[in-house]
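What follows is one structure encoded as structure tokens, with my remarks underneath.
The values are calculated or read from the model by the stated rules, or taken from the named source; none is laboratory data. Every value quoted in this text rests on a predicted model; they were computed, and no experiment measured them. Cβ sites come from the backbone with ideal geometry, for glycine too, and all protein chains shown count toward neighbours.
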Amino acid sequence: MRIPIIAGNWKMNTTLAEAIKLVSEMRDELDAIANVDKVICPPFISLAAVGELIKGSSISLGAQNLYFEEKGAYTGEISPLMLAELGEFVIVGHSERRQYFNETGDIVNKKIRAALKVGLKPILCIGEKPAENEAGRTKVVLAEQLSLSLADIDLAGSLIIAYEPIWAIGTGRAASGKEANETIEFIRQNISQLYNKEIAQRVRILYGGSVNATNANEFIQQPEIDGALIGGASLKPEQFLSITRQASEISRL
Ligand code: PGA
């Protein structure tokens, strides 16, 4: 049994004051939702304050990125050790980081390794570009991203994967539930080949890309999909709460 995860990626939104307001607006209701792991990933500068506000609740904290060195002369970077003190999860290899900050498979690999070393749970994002999808290359691209990201990594720790087709992120054009389920089934088979069946059955694989309160059910009811990584809709308390409640209902069945 894999417990579903609903994770909110706030991206580069919310000032400190806005982050405090946003978490305060949904904390109590989110805390009360059972049978689902709830994760919020605010910007770095709000992690400590948001962490204080959700202390003692069932809500977990995640960061949106990390650097792979533990400490030192890396001006402007945030280390795994700093994050481990604050939160439990960290998003790694989001397509926006790959696209705008030149994150390669090798960098993603180092980041996952660094996160696991300090006990952080990485949420590894993979997904194909629109042209790759149109050319029927989705599976080839995903298999390559997985083998590069996970090269020589022992999965004793907890890894979460988020399948996020780039054409679906922030576009309002989500994949269909069936399509996402098939692709995630392929990702699980790939994990089984890279590791073994048991690990593949344990790893939670989320869908991400234009998930909202209206279409969430289509994804979370699929047998292979273990929850969602949510961008835009995670900034709206009523949307995020509704998606999380839907995941809780399905998980209870
Ligand atoms: P979106 O973003 O929900 O706004 O499409 C998802 C993500 O990038 O994680």
The listed residue being more than 21 Å from F186 (Cα to Cα) and surrounded by 19 or more Cβ atoms within 10 Å (Cβ to Cβ), out of E96, E85, E128: E96
Residue that is farthest from Q189 (Cα to Cα), among those in the stretch 208-224 that are within 11 Å of the ligand (Cβ to nearest atom) and in contact (Cβ under 8 Å) with a residue 60 or more places away in the chain: G209
Qualifying residue in the stretch 89-98 (condition: of a type outside the set (A, V, I, L, M, F, W, C), free of Cβ contacts under 8 Å to residues at least 24 places away in the same chain and within 16 Å of the ligand (Cβ to nearest atom)): yes
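Per-residue answers, yes or no, for (1) polar (S, T, N, Q); (2) away from the ligand (no atom under 16 Å from the Cβ); (3) at positive phi; (4) without any contact (Cβ under 8 Å) to a residue 60 or more places away in the chain:
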position	(1), (2), (3), (4)
C125	no, no, no, no
T138	yes, yes, no, yes
L159	no, yes, no, yes
I166	no, no, no, no
A174	no, no, no, yes
K178	no, yes, no, yes
T183	yes, no, no, yes
Qualifying residue in the stretch 144-157 (condition: more than 30 Å from L30 (Cβ to Cβ), free of Cβ contacts under 8 Å to residues at least 40 places away in the same chain and crowded, with 18+ Cβ neighbours inside 10 Å): no
Criterion (at pLDDT below 95, on the phi > 0 side of the Ramachandran plot and either touching a Gly at 6+ places or on another chain (Cβ under 6 Å) or within 14 Å of the ligand (Cβ to nearest atom) (or both)) met by exactly one of G170, G227: G170
Single residue of the stretch 26-60 satisfying the filter (crowded, with 18+ Cβ neighbours inside 10 Å and among the charged types (D, E, K, R)) that is nearest to L253 (Cα to Cα): D37
